[in-house]
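Here is the structure we will look at, set down as structure tokens.
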2 protein chains.
Amino acid sequence: MSQLLRVQCFTVSRDGFGAGEGQSLARPFGHVDPADLVSWAGDTASWVNRTEPGGTRGLDDHLTRDYPRGIGAEIMGRNKFGPQRGPWADHEWQGWWGDTPPFHTPVFVLTHHPRPSFTLADTTFHFLTATPAEALARARQAAGGQDVRLGGGVATIRAFLDADLVDTLHIAIAPIDLGRGERLWRDPRELTDRFHLEAVPSPSGVTHLLFWRR
Amino acid sequence: MSQLLRVQCFTVSRDGFGAGEGQSLARPFGHVDPADLVSWAGDTASWVNRTEPGGTRGLDDHLTRDYPRGIGAEIMGRNKFGPQRGPWADHEWQGWWGDTPPFHTPVFVLTHHPRPSFTLADTTFHFLTATPAEALARARQAAGGQDVRLGGGVATIRAFLDADLVDTLHIAIAPIDLGRGERLWRDPRELTDRFHLEAVPSPSGVTHLLFWRR
């Protein structure tokens, strides 16, 4: 099988927002409490950031298991990496994730502003000024034959969808409305001209949307 | 995490039967058409027996992906391996699966009748006269730190449940009634004293039951 480009475990609100307004160092998701979006994932046994034993092993867990599996590289937008805009003022900021980021692969950060690569534990961040197609080619090369995860945020997913480069998406719908922020879609059926769509309600309250190409 | 004992992608009818009556060489599932039970799995992109490209990538596929992943050995009952009863009349029968069985790990077949091990492609079959606990210890040793899959059939799963050795179960309920055959349960809620249970209906018509220990 060829190397897929996959969105995994990306959560949006019922009204389609993946993050709120007003991102800052203290509020990576802007006005939204991140737990309102992503606690479904954090509660599972397999979530990559889990540090303690335990966790659920139901449907949600079956989906968080696929987050790292078969993935050899990630592509993310600059504002998944950090809240800065414009040229990099300093290089001390190394992402939201501390000394051991949960990616464990090369990560390609899309930005218009050059910056040297660096490594934290087993994750190396590269900074690219590139079109989606160029970034995907680089990430595939780095992925050692495995798939590439498209990490978000919303603008990055939209750009790769617009370029028709995405093979599968797993989007979780959290049971909240945000009203404003970074919007992925008005309605998930916008994508069904190009993708099959299954909607699977979970006992946790989220609904998992699974898209794959027609 | 310790090595789990997992049932994966085992299908039963609505009335709890995993196979029909009258198993024979020509009818591994007895009076039941196997497709009525397992076509949900065969339709997915990730099913281990798939030989052609294509297949669905929705909920069912997320579950078939877990069939091989993280598994280092399988335990099965004798009548998953073949229809024979009593001492092995000959050693020409090497299972239902042809030259390349879909297991790709050591497989431990529980039987009261000794038989030498043999290897087909990357699957080695061992024949054990052992209690469930003894068989699990052997399989764990062979699994190289990975989990062990409990492959069935029904009597084997029941024996390991009775010995309280099973950590997680994924059982698919196919939308048919069989009336007779090999019965796993009268009602899945028989297990909820020991296991959490999530029931997840799939668009394909099966309902996935996910059990994990309380």
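Summary table
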item	result
Qualifying position, being within 25 Å of A:I171 (Cβ to Cβ) and touching a His at 6+ places or on another chain (Cβ under 8 Å), among B:T56, B:T64	B:T56
Any hit, the stretch A:114-132, residues being farther than 30 Å from A:G205 by Cβ, part of a helix (DSSP H, G or I) and open to solvent by less than 60 Å² (accessible area, probe 1.4 Å)	yes
Qualifying positions in the stretch A:178-214 - more than 13 Å from chain B (Cβ to nearest Cβ), in a loop (DSSP other than H, G, I, E, B) and touching a strand residue (DSSP E or B) at 6+ places or on another chain (Cβ under 6 Å)	A:L178, A:G181, A:L184
Extreme residue, surrounded by the fewest Cβ atoms within 10 Å (Cβ to Cβ), among residues of the stretch B:62-86 that are farther than 21 Å from B:V154 by Cα and out of contact with any helix residue (DSSP H, G or I) (no Cβ under 9 Å at 6 or more places or on another chain)	B:R69
Of all residues in the stretch B:188-198 being within 15 Å of A:T56 (Cα to Cα) and touching a residue at least 24 places away in the same chain (Cβ under 8 Å), the one that is most open to solvent (accessible area, probe 1.4 Å)	B:R194
Which numbered condition A:G55 fails, given (1) open to solvent by 10 Å² or more (accessible area, probe 1.4 Å); (2) farther than 21 Å from A:A35 by Cα	(2)
Matching option when the condition is at pLDDT below 95 and not hydroxyl-bearing (S, T, Y), among A:P188, A:P203	A:P203
Among the residues listed as A:S117, A:S46, the single one being in contact with a His (Cβ under 6 Å, 6 or more places away or on another chain) and small (G, A, S)	A:S117
Test: residue in the stretch B:155-169 that is open to solvent by 30 Å² or more (accessible area, probe 1.4 Å), within 13 Å of chain A (Cβ to nearest Cβ) and basic (K, R)	no
Qualifying residues in the stretch B:67-108 (those that are under 14 Å from the mean Cα position of the chain (by Cα), within 14 Å of another protein chain (Cβ to nearest Cβ) and in contact (Cβ under 8 Å) with a residue 40 or more places away in the chain) - the one farthest from A:L169 (Cα to Cα)	B:I71
Within the stretch A:37-47, tally of residues that are within 16 Å of the chain's Cα centre (by Cα), open to solvent by 40 Å² or more (accessible area, probe 1.4 Å) and touching a residue at least 24 places away in the same chain (Cβ under 8 Å)	1
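The values are calculated or read from the model by the stated rules, or taken from the named source; none is laboratory data. Please read these numbers as outputs of a predicted model, since none were measured by experiment. Neighbour counts run over all protein chains shown; Cβ positions are idealised from the backbone, glycine included. Areas reflect the complete protein model, heavy atoms only, side chains present, ligands, DNA and RNA absent. Shrake-Rupley method; radii C 1.70, N 1.55, O 1.52, S 1.80 Å.
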